[in-house]
Amino acid sequence: MCGHGRKGADSMKNRIKIIVKTSDNDLLDVVRPLVEDEGCVCREVGRCGDFLDELSSGNTGLGIVDLDGGESDCVDELKDIQRASRDVPLVVVSSDQTIVLGRKIHEVSVFYCLTKPVNKAELLQVVRAGMGDHNGVPWRFRARIRDMKWYRENIPCMDVCPVHTDSGRYVQLIAEGKLKEAYLVARSPNPLASTCGKICAAFCEDSCRRSKIDCAVTIRALKRYVT
């Protein structure tokens, strides 16, 4: 683990490096000084291939991957990086907070996910946790469990639903034309999904975050349609 606050004491080649894949200058302005203050070297790359090249040279303690503005499908890039860096914890950064992307990232098994704009204090905690063991438990055996406060703040439609239906998930599946999958998601926690599509009080619509932009998603009507 790199020493906290150590600056310039070690030669560049002996210092642990943190690889940052991004084209976002605002993100780099946050990450670069924080990494250097931790006594590590910040390697900035813009392409997946460059990330893999840096990784192959060794001495990597952590990887930070910005999913915005990728060369191709961002999750495919992440899978390529993860396969090559199984012993290096990966931190994912994205401005996309949809449940669908969250599920895909979870399947890749990354160390932590951050949403933009990145909070400096949270990033510092993540870097320090990822760079070493915590109570003797390697990073790959640790998990951050989301509490209900996080769900209330980030997925209010799911939180206020009496049976906690993942409405964001089935709405996205309907948009993708995957009606069978959408039906299964809607019905999974609720055997009366078709009835609720007609008479539900639609607390999810009252809490829909889309209303902060223009108007709430018509979740109840979509449930009625798919069930």
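For this structure, a couple of remarks:
- Contact map, segment 108-132: first residue within 12 Å of VAL88 (Cα to Cα) and hydrophobic (A, V, I, L, M, F, W, C), second residue assigned to a helix (DSSP H, G or I) and at pLDDT below 80, Cβ cut-off under 6 Å, separation 6 or more or different chains; pairs are PHE111/GLY130; PHE111/TRP139.
- Count of residues meeting criterion [surrounded by fewer than 13 Cβ atoms within 10 Å (Cβ to Cβ) and at pLDDT 70 or above] in segment 96-106: 0
- Residue that is surrounded by the most Cβ atoms within 10 Å (Cβ to Cβ) [pool: residues in segment 205-217 that are part of a helix (DSSP H, G or I) and at pLDDT 90 or above]: GLU205
- Residues that are over 16 Å from HIS164 (Cβ atoms) and of a type in the set (Gly, Ala, Ser) were ranked within segment 177-204; the one that is surrounded by the most Cβ atoms within 10 Å (Cβ to Cβ) is ALA182.
- Strands (runs of 3 or more DSSP E) enclosed by segment 1-87 - at least 3 residues per element that are modelled with pLDDT of 80 or more and closer than 19 Å to PHE111 by Cα: 17-21, 60-66
The values are calculated or read from the model by the stated rules, or taken from the named source; none is laboratory data. Since the model is a prediction, treat every value here as computed from it, not as a measurement. Glycine also receives a Cβ, built like all others from the backbone with ideal geometry; neighbour counts cover every protein chain displayed.
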